[in-house]
Amino acid sequence: MAKRESGSRPVAVKEILQGFLNPGDLAALKERQQIRRVWEAVLPAKMLAQTRLLEVRRKELWVEARGGPWAQELHFLKPRILQELDRVLGPGKIRDLRVRVGEFNQIKEDAEI
């Protein structure tokens with residue numbers, strides 16, 4: 001096992017990651033985490049398994065719903081979701097919620113927010 005040089009100190013994981021990530025990458029990661037937290041807090045538990053966050057594009061949050069009825073439920077919750085995103089992220093960060101209907105599987109879920 002290699003010995004640590006005298007005078008060296010333990011390095012925080014945050015410092016190591018900052019060496020790999022651009023500042024914009026770290027900010028985007030933090031924003032995605034905040035969006036996920038809001039999503040999980042606002043949606044009823046039964047809807048979480050039927051919907052999937054996809055991406056943020058041009059200040060629009062894109063979401064996929066497993067069927068038409070779930071997409072309709074999201075449209076009813078849209079004002080509440082946007083209001084909470086404004087509160088957490090700041091006004092104007094997410095201006096709209098776009099919903100598409102689709103059947104998603106385990107492989108595609110890896111690409112979500």
In region 27-53, residue surrounded by the most Cβ atoms within 10 Å (Cβ to Cβ) [restricted to those that are over 10 Å from the mean Cα position of the chain (by Cα) and farther than 17 Å from Leu82 by Cα] | Gln50
May I ask you to say which residue of Ala65, Ala27 is among the small types (Gly, Ala, Ser) and at pLDDT 95 or above?
-> Ala65
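For region 30-73, how many residues are of a type in the set (S, T, N, Q) and in a helix (DSSP H, G or I)?
Total satisfying the criteria: 3.
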Where residues in region 74-97 are surrounded by 15 or more Cβ atoms within 10 Å (Cβ to Cβ) and touching a strand residue (DSSP E or B) at 6+ places or on another chain (Cβ under 8 Å), which of them is farthest from Ala49 (Cα to Cα)?
-> Ile94
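The values are calculated or read from the model by the stated rules, or taken from the named source; none is laboratory data. What you see is a predicted model; the values in this text were computed from it and never measured. Cβ atoms come from the backbone with ideal geometry, glycine included; neighbour counts cover every protein chain shown.
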